[in-house]
Each structure stands twice: as structure tokens, then as C-alpha cells.
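Everything below concerns the one structure shown next.
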Amino acid sequence: MTGLTNTNRHYGAVAILLHWFMAALLIGLTVLGVYMSALPDVGFDKEKITLIVYHKECGILALGLAMVRLAWRVGNVLPALVRELPDWQKVVARFVHLCFYALMFALPVSGWLMSSAASIPVYVFGIQLPDLIPHNEYRFQLLIEVHKWLGYALIGFILLHAGAALQHHFISRDNTLRKILPGSHL
Ligand code: HEM
């Protein structure tokens, strides 16, 4: 049985749940973001506006979960990377993990800043959140670009990270992926 907290060899149940739930949420938000942005911008498009509202609400939920995840990460031991890994791969793996944490905060915060600059309110569970910055059209356009490129960076890192995990599991046949799967005994 996987315990709640991490050990030197395995992620605990809380870290595993946060990892896979957030992976699904962030991939979903990215797909939704790309899809809704591509919808034409003509007149009042009910579908586009509804999807943007969902995207914003789930994005703020992801920000809350990123805080919980960071707190859990700081307060837990970190399972070691497989010993046979060359040093450069260990550095790249930890760097990608660090970039994920940065993106988990930068993406929702840039989205919130963007909405604030456009004076379009952000709601979560029906509660309106305060604007982070005053209305400014130039900053709004700039933040659209920032948010978009952060999203593209997330897609790149996911492909790299998932590709590496699958390579470890199916080609190197080591414990990298099993470490973050529920119920595996190491
Ligand atoms: C949005 C998608 C994802 C994000 C943001 C993400 C983020 C992370 C982060 C930050 C860690 C380090 C553990 C920690 O510090 O909490 C990690 C570990 C890991 N992830 Fe992901 N992940 C994602 C998707 C995936 C997918 C799709 C796979 C597999 C196909 C995967 C496989 C792994 C593995 C195997 C580890 C353990 C690495 C080790 O410690 O040796 N992840 N992930």
C-alpha cells in the first residue's frame, strides 16, 4: 500500500493524486484554451464566452491546487531519481520539474492579470475576485501574448517530460514511472 507521504523511493498518495489530477486539469485547460481562442471573434458568440468563463474558473482552481502542491512538496522528502541516471539527465529532470512549478503559477496569474487589464471580472464558485491591475489596453494585448507563449512552453515541457517517463518505463525499464503510480511496491 502506498502511504500518504513520500518516502525516499516512492511518491505518497497525496503527491500522486495531486500529480495526476493536475496533469489532467492542465492538459484540459491547454486544449480548451487553444480551442476557444481559435473560435471566430465575431459579435456575441455564446459558446466562446461560456468556454472562456469555464477556462478562467478552472485556471483559478489550478492556482489554488498549485499552492497546495508546492506546500506539500516543500514539506515532504523528495524521492531520489534512479541511481543509474547520468548527472546531466538528473539536472534536466529537476530543471523541468522546477519549470512546471513556475508555469503552474505563471499561467493562472498571467490569465488573471490579463482579465484585470481588460476589466473583465474573474469568478470562482460565484465569487468575484479583485482586479490585480487597473484597466490598460496595451497591457491587455501584451498579457495575451505572454499567456499564450507560457501555454506553448507548458505543451513543450509536457511532451518532453511524458516522453522521458515513457522512455524510462518501456525502454530503460527502470522504476521512474512506477514511483508515481498508485499501489506499486518498490
Ligand atoms: C501537465 C502535465 C504534468 C505536469 C505539470 C507534471 C509535473 C511533474 C512534476 C512537478 C514532477 C516532480 C514531482 C514533484 O516535484 O511534485 C513530476 C514527476 C513525474 N511525472 Fe509528471 N507532470 C505532468 C504529466 C506527466 C505525464 C503525462 C507523465 C507520464 C506519462 C508524467 C510522469 C512523471 C514521472 C514518472 C515523475 C517522477 C519523476 C521522478 O521523480 O523520477 N508526468 N511531474
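At-a-glance table
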item	result
Among the residues listed as V82, V92, V77, the single one being over 17 Å from the mean Cα position of the chain (by Cα), among the β-branched types (V, I, T) and modelled with pLDDT under 95	V82
Positions within the range 10-45 being loosely packed, with under 13 Cβ neighbours inside 10 Å and in a loop (DSSP other than H, G, I, E, B), in sequence order	P40, D41, V42, G43, F44
Pairs with Cβ under 7 Å, 6+ apart, first in the range 5-25 and within 17 Å of I155 (Cα to Cα) and of a type in the set (A, V, I, L, M), second modelled with pLDDT of 95 or more and near the ligand (Cβ under 9 Å from one of its atoms)	M22/R69
Within the range 111-133, tally of residues that are more than 15 Å from A62 (Cα to Cα) and part of a loop (DSSP other than H, G, I, E, B)	9
Residues located in the range 102-124, provided they are aromatic (F, W, Y) and without any contact (Cβ under 8 Å) to a residue 24 or more places away in the chain	none
Residue within the range 116-134 that is near the ligand (Cβ under 8 Å from one of its atoms) and more than 20 Å from the chain's Cα centre (by Cα) present	no
Lone qualifier among L65, L78 - being assigned to a loop (DSSP other than H, G, I, E, B), in contact (Cβ under 8 Å) with a residue 24 or more places away in the chain and among the hydrophobic types (A, V, I, L, M, F, W, C)	L78
Identity of the residue in the range 159-178, part of a loop (DSSP other than H, G, I, E, B) and either more than 8 Å from the ligand (Cβ to nearest atom) or in contact with a strand residue (DSSP E or B) (Cβ under 6 Å, 6 or more places away or on another chain) (or both), that ends up farthest from C99 (Cα to Cα)	R173
Unique match (being of a type in the set (A, V, I, L, M), more than 9 Å from the ligand (Cβ to nearest atom) and under 22 Å from F100 (Cβ atoms)) among V42, V82, V53, V68	V68
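The values are calculated or read from the model by the stated rules, or taken from the named source; none is laboratory data. Keep in mind that this is a model prediction, so the values were computed, not measured. Counting neighbours? That spans all protein chains shown, and the Cβs are built from the backbone with ideal geometry, glycine included.
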